[in-house]
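To start, the structure itself, in structure tokens.
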Amino acid sequence: MLKISVEEYSRLQSYMLLVEKDSEAYKAMKIRYTELKVILTSSGINLTELDRIKE
């Protein structure tokens with residue numbers, strides 16, 4: 001499960017960097033980004049190196 005979450009988190013960030021921050025697509029992705037960030041952080045994953053969005 002952690003491997004899948006890390007991969008999804010990384011892929012989602014790539015998509016987020018391709019769209020405008022004020023777009024509806026970005027806002028929708030931001031919700032999932034936050035969920036994944038909570039899951040990974042609570043699982044003990046250090047996101048310092050993985051987080052490219054920095055929000």
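The values are calculated or read from the model by the stated rules, or taken from the named source; none is laboratory data. Keep in mind that this is a model prediction, so the values were computed, not measured. Ideal geometry is used to build each Cβ from the backbone, glycine not excepted, and the neighbour counts take in all protein chains shown. Areas reflect the complete protein model, heavy atoms only, side chains present, ligands, DNA and RNA absent. Shrake-Rupley method; radii C 1.70, N 1.55, O 1.52, S 1.80 Å.
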Out of (1) of a type in the set (A, V, I, L, M, F, W, C); (2) surrounded by 11 or more Cβ atoms within 10 Å (Cβ to Cβ); (3) under 11 Å from the mean Cα position of the chain (by Cα), the one I45 does not meet is (3)
Qualifying position, being open to solvent by less than 100 Å² (accessible area, probe 1.4 Å) and not in a helix (DSSP H, G or I), among L50, L40, L12, L36: L50
Out of the residues in the stretch 15-33 that are under 10 Å from the mean Cα position of the chain (by Cα) and farther than 12 Å from D51 by Cβ, state the one that is surrounded by the most Cβ atoms within 10 Å (Cβ to Cβ). M29
